[in-house]
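The values are calculated or read from the model by the stated rules, or taken from the named source; none is laboratory data. It should be emphasised that the depicted structure is a prediction, and the values quoted were computed from it without experimental measurement. Here the Cβ positions follow ideal geometry from the backbone for every residue, glycine too, while neighbour counts run over all protein chains shown.
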Amino acid sequence: MRIVYDNIIFTWQQSGGISVVWGHLLKRMLKTSFNVTCIEYSGTERNITRKTLNIPSKLIDKRSNFAFKIRRYLNPIIKIKEPFIFHSSYFRTCHNKQAINVTTVHDFTYELFETNLLKKLLHCWQKHRAIRHSDCIVCVSYNTRNDLLRFLPDVDPAKIHVIYNGVDEAFRPLPDIQKKNYVLFVGQRKGYKNFESILHPLAKANLPLVIVGKPLTEKEKKKLVAVGIKYHYIGTISNQELNKRYNEALCLLYPSSYEGFGLPVIEAQRAGCPVIAKEGSSITEIIGDTRLLLHHVSKEEILAKLLLLKESKLYQDFVDKGLQNSQKYTWDLMTKGYLKLYESICKFNLENNLI
């Protein structure tokens, strides 16, 4: 059976978690026996993940970028006369009667935290429409599955499949690496990520902070100076450089109140870096050893966990438990999950004489 992948995320996004997940799925599916076609728009060359993929030009259905800001919300027209799987990277479905639509749902941050009403309405309209018009829905954690059923209780639970994300092979313990006494913060810092909550505890513990992600705002810089914390901002870096930072760091501090999966948590564990994170959402589900989980994002509790790591004879035990847990999440295992789903779709269509 043919699979049509809608690579719209590579034009819409220059970098990001969804691009990474989508790229790893494509890379592996291109090596299978499935007949793969990819819908793409101009501008994919700017996407960091797309640059790493070698998709033969004969497999690419190139579409016009005309009025892309509107077209990204419209479902693509596909003229195929036999049953095929349509799987979009970002909440589009295909109205062709032969299409079997698959949608992947990563989280519900827009529903829970977006304050821009127009952005929230547009995103939720597109996402909810895609979910309701899909034959199969993939969630990246059971927590995301629960959120889906909370926000869209009319969706048939039998349609929902949980397939965990993987972690890049670049993340691994490095030989002869010297641990440095700094704390790492990776990713977005807005609202529910609780970035500001970590500053006073770090200052009190006399621990420097290394920040990976988008440029610091003037407000953030002033706050860091006012608290008196030693910090180093290093921007967006390669996985190889990030792996080095994970290896050097005392820990990853990840106090986010909500995650659909929480990729940095598993990246850090895979690199031998202990993780202090906020319990709840998907974090409790994926992190394994829960001794470093924060019950509340409070100065007192964050400081207590930092001091526990800084002074603990159990440090190597935290490292070993994290390494063991991270082995459950690989891109190959993720792809096997999708293959099982696609094969079940093919089997159903064969048994019902639809192919």
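Please return the ranges of helices (runs of 4 or more DSSP H) entirely within the stretch 108-167 where 3 or more residues are buried (at least 17 other Cβ atoms within 10 Å of the Cβ).
117-132, 142-151
Can you pull out the residues in the stretch 227-274 that are small (Gly, Ala, Ser) and either touching a helix residue (DSSP H, G or I) at 6+ places or on another chain (Cβ under 9 Å) or in a loop (DSSP other than H, G, I, E, B) (or both)?
Listed by number, the residues that qualify are Gly228, Ser238, Ala249, Ser256, Ser257, Gly260, Gly262, Ala268, Ala271, Gly272.
Of all residues in the stretch 172-220 being of a type in the set (Asp, Glu) and in contact with a helix residue (DSSP H, G or I) (Cβ under 9 Å, 6 or more places away or on another chain), which is nearest to Pro255 (Cα to Cα)?
Glu196
Find the helices (runs of 4 or more DSSP H) located wholly in the stretch 3-95 whose residues include 3 or more that are touching a helix residue (DSSP H, G or I) at 6+ places or on another chain (Cβ under 8 Å) and crowded, with 20+ Cβ neighbours inside 10 Å, and list them.
Fully inside the stretch 3-95 and qualifying: 9-12, 17-29.
When the residues of the stretch 289-331 are narrowed to those that are part of a helix (DSSP H, G or I) and of a type in the set (Asp, Glu), which ends up farthest from the chain's Cα centre (by Cα)?
Here the answer is Glu311.
Quick one: count up the residues across the stretch 171-213 that are touching a Phe, Trp or Tyr at 6+ places or on another chain (Cβ under 8 Å) and in a helix (DSSP H, G or I).
Residues flagged as touching a Phe, Trp or Tyr at 6+ places or on another chain (Cβ under 8 Å) and in a helix (DSSP H, G or I) within the stretch 171-213 amount to 3.
Return the residues of the stretch 263-277 that are among the β-branched types (Val, Ile, Thr), within 17 Å of Ser141 (Cα to Cα) and touching a residue at least 40 places away in the same chain (Cβ under 8 Å); say none if nothing qualifies.
Ile266
If Lys278 meets every condition in (1) in contact with a Leu (Cβ under 6 Å, 6 or more places away or on another chain); (2) loosely packed, with under 14 Cβ neighbours inside 10 Å; (3) of a type in the set (Lys, Arg) apart from one, which number is that one?
(2)
Considering the stretch 10-33 alone, what residues qualify as being within 17 Å of the chain's Cα centre (by Cα) and of a type in the set (Val, Ile, Thr)?
Within the stretch 10-33, Ile18, Val20, Val21 meet the criteria.
Of these, Leu263, Leu250, which one is among the hydrophobic types (A, V, I, L, M, F, W, C), surrounded by fewer than 24 Cβ atoms within 10 Å (Cβ to Cβ), in the same structural domain as Tyr315 (by TED's automatic domain parsing) and modelled with pLDDT of 95 or more?
Leu250
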